[in-house]
1. How many of the residues making up the range 55-74 are part of a helix (DSSP H, G or I) and either basic (Lys, Arg) or more than 12 Å from the chain's Cα centre (by Cα) (or both)?
2. Taking only pairs six or more apart or across chains, which ones have beta-carbon atoms under 8 Å, a first residue in the range 17-37 that is in contact (Cβ under 8 Å) with a residue 40 or more places away in the chain, and a second residue that is surrounded by 18 or more Cβ atoms within 10 Å (Cβ to Cβ) and not in a helix (DSSP H, G or I)?
3. I'm checking my understanding of the structure. Among residues of the range 1-46 that are touching a helix residue (DSSP H, G or I) at 6+ places or on another chain (Cβ under 8 Å) and more than 20 Å from VAL68 (Cα to Cα), which one is modelled with the lowest pLDDT?
4. When you check GLY65 against the structure, is it touching a Ser or Thr at 6+ places or on another chain (Cβ under 9 Å), at pLDDT 90 or above and surrounded by fewer than 16 Cβ atoms within 10 Å (Cβ to Cβ), yes or no?
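The values are calculated or read from the model by the stated rules, or taken from the named source; none is laboratory data. Please read all numbers here as calculations on a predicted model, not as lab measurements. Backbone-built Cβ (ideal geometry, glycine too); neighbour counts: all protein chains shown.
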Amino acid sequence: MPFTMEGTTLEAQGSSNGFSVAALVLGIVGIPAGCAFIPSLLAIIFGIVALSQIAKSGGEGGGKGMAVAGIVCGAGGLGLGLLWAMK
């Protein structure tokens, strides 16, 4: 069968959880903006919400790696912000 977009399925296109994408983006933004705690806190919260949604769906619907990366980046940004605030 020739490759066409009509021949692809939703699984082949790759679906991911919206909260995991938001967690990753906010975690990446939170690192250079360490003095602003809000993006880092939101990245951690959205990452936890995404992981719980993925667990409830039985692990279906990808995005687990992005959620974990968002939590890690958010924690790093939060740590940098706390170090900056302590000075």
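1. Counting residues in the range 55-74 that are part of a helix (DSSP H, G or I) and either basic (Lys, Arg) or more than 12 Å from the chain's Cα centre (by Cα) (or both) gives 3.
2. Here the result reads ASN17/GLY63; PHE19/GLY63; SER20/GLY63; VAL21/GLY63, each pair linking the range 17-37 to a residue that is surrounded by 18 or more Cβ atoms within 10 Å (Cβ to Cβ) and not in a helix (DSSP H, G or I).
3. MET1
4. On the way: touching a Ser or Thr at 6+ places or on another chain (Cβ under 9 Å): yes; at pLDDT 90 or above: yes; surrounded by fewer than 16 Cβ atoms within 10 Å (Cβ to Cβ): yes.
It is true that GLY65 is touching a Ser or Thr at 6+ places or on another chain (Cβ under 9 Å), at pLDDT 90 or above and surrounded by fewer than 16 Cβ atoms within 10 Å (Cβ to Cβ).
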